[in-house]
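Student: If you scroll down you'll find the structure; I have some questions about it.
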Amino acid sequence: MASSQMRPTFEGKVALVTGGARGLGRAVALGFAREGAGVGIADVDEVAALDTASCIRELGRRYCVIAADISQTGAADTIVRQTGTELGRLDILVNNAAVASVEPFIEITEEEWDRVFRVNVKGLMFCIQAAARVMMQNGSGKIINITSPASRMGLPFYAAYAASKAAVDSITRSSAIALAKHNITVNSVSPGRMDTDMQRMTEEKFAAYAGVSVEMFVKSRTQDIPLERRISPQEVAQAVLWLASPQADYITCHRLSVSGGLEIS
Ligand SMILES: NC(=O)c1ccc[n+]([C@@H]2O[C@H](COP(=O)([O-])OP(=O)(O)OC[C@H]3O[C@@H](n4cnc5c(N)ncnc54)[C@H](O)[C@@H]3O)[C@@H](O)[C@H]2O)c1
């Protein structure tokens with residue numbers, strides 16, 4: 001991992017983080033800034049994105065905020081173009097923005113299914129494509145997609161989200177092979193349970209369906225993790241930064257699980 005004693009790992013580089021306003025995306029954006037990168041934050045929540053940006057400014061790094069919904073047609077091109085215009089280049093893309101949906105399998109509506117897939121799959125796919133076009137011209141690039149342990153699990157109350165993350169795994173594989181000859185690596189990180197806004201919202205709903213208190217549900221869901229603790233967004237961000245670093249230059253098409261053993265339990 002990078003050390004603050006040495007030259008910052010990402011000095012002179014530019015990283016674009018979707019969903020960089022809150023949760024894991026914010027930790028990733030600040031992690032890159034601490035290590036010298038300029039950071040583009042693309043998020044639907046402009047107010048929260050500006051707050052993350054003010055922290056990046058305090059670190060003395062360059063930034064841009066792009067208020068955008070990645071699920072909208074053409075949004076990916078706009079986000080990538082604006083990053084290039086404001087920060088001059090694009091070296092790293094972290095596809096982090098996602099939405100979750102909790103409902104019993106038999107009650108999932110088409111609207112909810114489409115909402116999840118538009119953001120988690122379509123948005124991610126076209127952000128890769130738009131960024132890759134720029135990276136191909138540069139002759140290199142690093143793309144990191146945020147997947148989830150859910151992509152490999154059978155989850156009757158989380159089917160749309162789990163399926164969308166399985167699609168992320170598939171797109172990671174296809175894009176890694178398609179882009180390898182252009183010296184662009186594509187990998188994914190599968191985080192364990194982090195206490196973010198998304199996790200809070202989903203656990204409240206899971207607990208309600210299970211008919212138990214949120215506190216009880218969260219406690220048992222933490223004990224289920226082989227390492228018996230949750231992970232912070234900052235700890236997951238370290239894995240993302242490592243995959244974007246020169247130390248991982250020969251790694252592509254890899255899915256890095258940072259889930260405390262959750263995926264093998
Ligand atoms: N929280 C967990 O325990 C957990 C576990 C495994 C995987 N993940 C994954 O980690 C990533 C980050 O999750 P989080 O928990 O930090 O979520 P979060 O809800 O706390 O943050 C997500 C961010 O994405 C933004 N966003 C949502 N939809 C968007 C859109 N259409 N366009 C642009 N921005 C959008 C939100 O405004 C927010 O800033 C997601 O890909 C999630 O699936 C989370």
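Student: How many of the residues in the range 29-54 are near the ligand (Cβ under 7 Å from one of its atoms) and either small (G, A, S) or over 18 Å from N120 (Cβ atoms) (or both)?
Tutor: 2
Student: While we're on this one: Which of the following residues is assigned to a loop (DSSP other than H, G, I, E, B) and either surrounded by fewer than 23 Cβ atoms within 10 Å (Cβ to Cβ) or away from the ligand (no atom under 16 Å from the Cβ) (or both): R115, R89?
Tutor: Numbers: R115 fails: assigned to a loop (DSSP other than H, G, I, E, B).
So the residue among R115, R89 that is assigned to a loop (DSSP other than H, G, I, E, B) and either surrounded by fewer than 23 Cβ atoms within 10 Å (Cβ to Cβ) or away from the ligand (no atom under 16 Å from the Cβ) (or both) is R89.
Condition check ((1) without any contact (Cβ under 8 Å) to a residue 12 or more places away in the chain; (2) part of a strand (DSSP E or B)) across all residues:
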residue: I177; (1), (2): no, no
residue: D195; (1), (2): no, no
residue: T202; (1), (2): no, no
residue: F206; (1), (2): no, no
residue: R221; (1), (2): no, no
residue: R229; (1), (2): no, no
residue: Q247; (1), (2): yes, no
residue: S257; (1), (2): no, yes
residue: G260; (1), (2): no, no
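Student: Checking the structure you have, find out if any residue of the range 129-136 is of a type outside the set (F, W, Y), surrounded by fewer than 21 Cβ atoms within 10 Å (Cβ to Cβ) and within 12 Å of the ligand (Cβ to nearest atom).
Tutor: no
Student: Okay, next question. For the range 144-162, name all the residues that are more than 14 Å from the ligand (Cβ to nearest atom) and hydrophobic (A, V, I, L, M, F, W, C).
Tutor: F157, A159
Student: Which one is farthest from M125 (Cα to Cα), of the residues in the range 55-64 that are surrounded by fewer than 22 Cβ atoms within 10 Å (Cβ to Cβ), of a type outside the set (D, E, K, R) and touching a residue at least 12 places away in the same chain (Cβ under 8 Å)?
Tutor: If we take residues in the range 55-64 being surrounded by fewer than 22 Cβ atoms within 10 Å (Cβ to Cβ), of a type outside the set (D, E, K, R) and touching a residue at least 12 places away in the same chain (Cβ under 8 Å), then L59 is farthest from M125 (Cα to Cα).
Student: Let me ask something additional. Can you find a residue that is more than 15 Å from the ligand (Cβ to nearest atom) and either closer than 24 Å to A132 by Cβ or surrounded by 20 or more Cβ atoms within 10 Å (Cβ to Cβ) (or both) anywhere in the range 65-76?
Tutor: Checked the range 65-76: no residue is more than 15 Å from the ligand (Cβ to nearest atom) and either closer than 24 Å to A132 by Cβ or surrounded by 20 or more Cβ atoms within 10 Å (Cβ to Cβ) (or both).
Student: Something else now. Look at S151 and say whether it is among the small types (G, A, S), buried (at least 21 other Cβ atoms within 10 Å of the Cβ) and in contact with an Asp or Glu (Cβ under 8 Å, 6 or more places away or on another chain).
Tutor: Spelling it out, S151 is indeed among the small types (G, A, S), buried (at least 21 other Cβ atoms within 10 Å of the Cβ) and in contact with an Asp or Glu (Cβ under 8 Å, 6 or more places away or on another chain).
Student: Can you tell me how many residues in the range 29-54 are over 16 Å from the mean Cα position of the chain (by Cα) and over 23 Å from K142 (Cβ atoms)?
Tutor: Residues in the range 29-54 being over 16 Å from the mean Cα position of the chain (by Cα) and over 23 Å from K142 (Cβ atoms): 6 in total.
Student: Ok, one more. For the condition at pLDDT 95 or above, assigned to a loop (DSSP other than H, G, I, E, B) and either under 18 Å from the mean Cα position of the chain (by Cα) or more than 8 Å from the ligand (Cβ to nearest atom) (or both), what is the one hit in R7, R26, R57, R61?
Tutor: R61
The values are calculated or read from the model by the stated rules, or taken from the named source; none is laboratory data. Keep in mind that what you see is a predicted model, and the values were worked out from it rather than measured. Heads up, the Cβs are rebuilt from the backbone with ideal geometry, glycines too, and the neighbour counts pull from every protein chain shown.
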